[in-house]
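J.: Before anything else, here's the structure in question.
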Amino acid sequence: MHVMLGAIFLIFLFQLIGEATQKYFALPVPGPVIGLVLMLVCLLWSKRIDVPFVADLRCKLVTTSQQLIGYLSLLFVPIGVGVIMHLKLLETQLAQIIGVITIGTITTIVFTAFIFLKAGGAIKDE
């Protein structure tokens, strides 16, 4: 449990840094997204450093993230309740919603394929 608390603190710290950056510079990107990008940059940069503490922290972060993903489905409960509560509004804008979902899905698939091909067609494990 102690391992998980340190990693969760690190995740929240990057979210806080992202939120502060977003508010300070009045950026149109959400703070958690900025924090996630900053954490990704730090993790990629930390792979180049040969310090046991950094490697251990990265390992704890990966373990904690994998455990949190197991509970990810719980986050969809409030979304489902919101959909049910606003069903009439969704019915009136059904065509627009389907259009946005379709365009978003196609864009995601194309972008993922592009990144996959640029990465050489295979993702290498450590």
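J.: Can you confirm whether Thr108 is in a helix (DSSP H, G or I), surrounded by 13 or more Cβ atoms within 10 Å (Cβ to Cβ) and not basic (Lys, Arg)?
T.: no
J.: What's the number of the only condition in (1) modelled with pLDDT under 85; (2) assigned to a helix (DSSP H, G or I) that Ile123 fails to meet?
T.: Failed condition: (2).
J.: Can you name every residue in the range 13-43 that is modelled with pLDDT under 95, open to solvent by 100 Å² or more (accessible area, probe 1.4 Å) and either assigned to a helix (DSSP H, G or I) or in contact with a strand residue (DSSP E or B) (Cβ under 9 Å, 6 or more places away or on another chain) (or both)?
T.: If the condition is that a residue be modelled with pLDDT under 95, open to solvent by 100 Å² or more (accessible area, probe 1.4 Å) and either assigned to a helix (DSSP H, G or I) or in contact with a strand residue (DSSP E or B) (Cβ under 9 Å, 6 or more places away or on another chain) (or both), then Leu36 is the only one that fits.
J.: Additional query: Are any of the residues in the range 70-85 touching a Pro at 6+ places or on another chain (Cβ under 9 Å), in a helix (DSSP H, G or I) and among the polar types (S, T, N, Q)?
T.: Checking the range 70-85: not a single residue is touching a Pro at 6+ places or on another chain (Cβ under 9 Å), in a helix (DSSP H, G or I) and among the polar types (S, T, N, Q).
J.: Do we find that Arg58 is of a type in the set (D, E, K, R), more than 15 Å from the chain's Cα centre (by Cα) and surrounded by 13 or more Cβ atoms within 10 Å (Cβ to Cβ) in this structure?
T.: yes
J.: Inside the range 64-82, can you point out the residues that are open to solvent by 60 Å² or more (accessible area, probe 1.4 Å) and either in contact with a helix residue (DSSP H, G or I) (Cβ under 7 Å, 6 or more places away or on another chain) or of a type in the set (D, E, K, R) (or both)?
T.: Within the range 64-82, Gln67 is the sole residue that qualifies.
The values are calculated or read from the model by the stated rules, or taken from the named source; none is laboratory data. Treat the numbers as computed from the prediction; the structure is a model and nothing was measured. Note that we place each Cβ from the backbone using ideal geometry, even for glycine, and neighbour counts take in every protein chain shown. Side chains are part of the model used for accessible areas, which takes the heavy atoms of the whole protein and leaves out ligands, DNA and RNA. Shrake-Rupley method; radii C 1.70, N 1.55, O 1.52, S 1.80 Å.
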